[in-house]
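The values are calculated or read from the model by the stated rules, or taken from the named source; none is laboratory data. Remember, predicted model here, so these are calculated numbers, not experimental data. Counting neighbours? That spans all protein chains shown, and the Cβs are built from the backbone with ideal geometry, glycine included. Note: accessible area is taken over every heavy atom of the protein model, side chains too, but ligands, DNA and RNA are not part of it. Shrake-Rupley method; radii C 1.70, N 1.55, O 1.52, S 1.80 Å.
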Amino acid sequence: MSRVSQAEAKANRERVVEAASHLFREKGVAEVGIVDVMRSIGLTQGGFYKQFASKSALVDEATAKGLADNLQSLITLDQDAGEHKAAWNSLVDSYLSVEHRDNPGSGCPAAGFAGDVARQPEHRKTYADGTHELAAWIAPGDVGLAALATLVGGILLARATAGTHLSEQILHAARVAVTEAVEGHQPDDSRMTTER
């Protein structure tokens with residue numbers, strides 16, 4: 001049996017966290033076991049405990065990584081769009097879409113982890129820190145928090161009603177509400193690449 005190098009161990013750990021973040025968002029933490037995560041990337045369960053103290057430690061790390069990666073994607077969206085308003089409009093269109101509704105595993109971690117974190121208070125600080133940063137990207141203060149709450153609530157309700165006429169109605173209503181609420185309250189575009 002060959003030993004795994006430190007570089008390989010680090011790469012495997014990153015793969016485990018990435019896979020867990022995806023699976024936890026797709027199926028929920030309670031429905032995903034360590035075996036499921038490890039099998040999804042072609043590793044055995046035995047290696048898990050060399051990398052993580054517990055499943056709870058993995059949940060916390062997967063939550064943090066999902067939220068950090070999401071924020072980085074938003075920052076990149078700002079840079080690619082050239083102005084925050086264009087990036088915001090692009091986010092709203094993709095976030096409140098049928099595609100996002102139907103693909104929670106690759107979707108927003110604020111929505112994907114919300115139910116699990118509500119039932120597992122040991123992960124709330126990690127989740128709160130990450131969602132606060134996402135809200136700040138949208139707009140300062142309460143406006144950003146309210147907009148994020150509308151996005152997350154809208155996508156969660158749309159997922160819960162998928163297959164009914166109400167689902168797409170919710171997506172539309174949330175899009176209208178969040179666009180109107182944020183209009184004129186977003187951060188100055190000149191701060192986008194320097195403060196984040």
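Tabulated results
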| read-out | value |
| --- | --- |
| Residue count, the stretch 59-86 (criterion: in a helix (DSSP H, G or I), over 23 Å from Glu31 (Cβ atoms) and touching a residue at least 40 places away in the same chain (Cβ under 8 Å)) | 8 |
| Some residue of the stretch 7-30 being β-branched (Val, Ile, Thr), free of Cβ contacts under 8 Å to residues at least 12 places away in the same chain and out of contact with any Cys (no Cβ under 8 Å at 6 or more places or on another chain) | no |
| Search result, residues across the stretch 60-116 that are over 15 Å from the mean Cα position of the chain (by Cα) and surrounded by 21 or more Cβ atoms within 10 Å (Cβ to Cβ) | Asp78, His84, Ala87, Trp88 |
| Qualifying residue in the stretch 143-158 (condition: open to solvent by 10 Å² or more (accessible area, probe 1.4 Å), of a type outside the set (A, V, I, L, M, F, W, C) and at pLDDT 95 or above) | yes |
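Quick grid of which residues meet (1) more than 20 Å from the chain's Cα centre (by Cα); (2) open to solvent by 30 Å² or more (accessible area, probe 1.4 Å):
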{"site": "Glu8", "(1), (2)": "yes, yes"}
{"site": "Arg13", "(1), (2)": "no, yes"}
{"site": "Ala19", "(1), (2)": "no, no"}
{"site": "Gly28", "(1), (2)": "no, no"}
{"site": "Ile34", "(1), (2)": "yes, no"}
{"site": "Val37", "(1), (2)": "no, no"}
{"site": "Gly46", "(1), (2)": "yes, yes"}
{"site": "Lys50", "(1), (2)": "yes, yes"}
{"site": "Ser56", "(1), (2)": "no, yes"}
